[in-house]
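What follows is a short report on a single structure.
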Amino acid sequence: MLVKNSKFVISAVSPKQYPEGDLLEIAFAGRSNVGKSSLINALVNRKDLAYSGSRQGMTRMINFYNINDEIHFVDLPGYGFAMRAKSELDLWGKVIEQYLNVRDRLYLMIMLVDIRHKPSKDDVNMYNWILASGLEYIVVATKTDKVSKMQAKENIKIIKKELGMPECIPVYPVSAEKKTGIKELWTAIDNVITEEE
């Protein structure tokens with residue numbers, strides 16, 4: 001997709017705040033500090049559409065972005081940041097779970113994992129939820145500029161093994177900072193959207 005127009009729509013914590021309309025939604029899920037906001041900015045070729053904080057866990061609500069008046073990108077709060085108070089983590093978990101369970105316009109999940117680390121228990125749980133939901137999904141390994149090409153290949157094998165991914169399902173390595181892998185990821189997204197249409 002050639003992004004000609006992208007804009008922030010709303011930050012929401014409950015279904016009554018979700019945008020109206022019939023645009024398909026693509027949700028970005030992953031641990032805090034995995035780079036969801038940075039990836040969204042790279043995909044739309046902007047530096048400041050999605051807020052990318054210097055501290056982990058800065059995305060506290062579900063943020064909706066309108067892309068070309070064709071789809072919504074949905075930036076979900078990051079999970080698994082241990083330094084947050086348990087009550088706050090529980091609240092964020094409910095916010096995410098409610099969206100995932102009630103939003104019928106959600107069509108594609110983009111799950112992000114940091115290529116430098118083995119998937120966490122939360123990552124495995126999220127992947128299993130996606131499988132059980134029957135949603136289309138894409139797994140993205142972020143921050144590939146932080147490792148060598150050889151290490152990236154090895155780490156992707158580890159990611160697939162830990163998540164229990166079928167061999168035939170690819171993991172898309174990207175670097176939001178260097179803009180590598182963005183074109184390939186857009187191709188994968190477009191293929192899913194085309195199938196829906």
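The values are calculated or read from the model by the stated rules, or taken from the named source; none is laboratory data. Every value quoted in this text rests on a predicted model; they were computed, and no experiment measured them. Reconstructed Cβ throughout: ideal geometry from the backbone, glycine too, with neighbour counts over all protein chains shown.
Test each condition in (1) part of a helix (DSSP H, G or I); (2) surrounded by fewer than 17 Cβ atoms within 10 Å (Cβ to Cβ) for residue 159 and report the one that comes out false.
(2)
Being free of Cβ contacts under 8 Å to residues at least 40 places away in the same chain and of a type in the set (Val, Ile, Thr) is true for just one of 142, 180. Which residue is that?
Numbers: 142 fails: free of Cβ contacts under 8 Å to residues at least 40 places away in the same chain.
The match here is 180.
Do the conditions hold for residue 102, that is, is it closer than 23 Å to residue 70 by Cβ, in contact (Cβ under 8 Å) with a residue 60 or more places away in the chain, surrounded by fewer than 16 Cβ atoms within 10 Å (Cβ to Cβ) and among the aliphatic types (A, V, I, L, M)? Quick ask: steps written out before the conclusion?
Values: closer than 23 Å to residue 70 by Cβ: yes; in contact (Cβ under 8 Å) with a residue 60 or more places away in the chain: yes; surrounded by fewer than 16 Cβ atoms within 10 Å (Cβ to Cβ): yes; among the aliphatic types (A, V, I, L, M): yes.
Yes.
Looking at (1) within 26 Å of residue 22 (Cβ to Cβ); (2) surrounded by fewer than 16 Cβ atoms within 10 Å (Cβ to Cβ); (3) at pLDDT below 95, can you tell me which one residue 128 breaks?
Against the list (1) within 26 Å of residue 22 (Cβ to Cβ); (2) surrounded by fewer than 16 Cβ atoms within 10 Å (Cβ to Cβ); (3) at pLDDT below 95, residue 128 comes up short only on (1).
Which of the residues that make up segment 170-197 are assigned to a helix (DSSP H, G or I) and not hydrophobic (A, V, I, L, M, F, W, C)? Write out each step before concluding.
From segment 170-197, those assigned to a helix (DSSP H, G or I) are 182-196; that's our starting set.
Residues satisfying the conditions are 183, 184, 187, 190, 191, 194, 195, 196.
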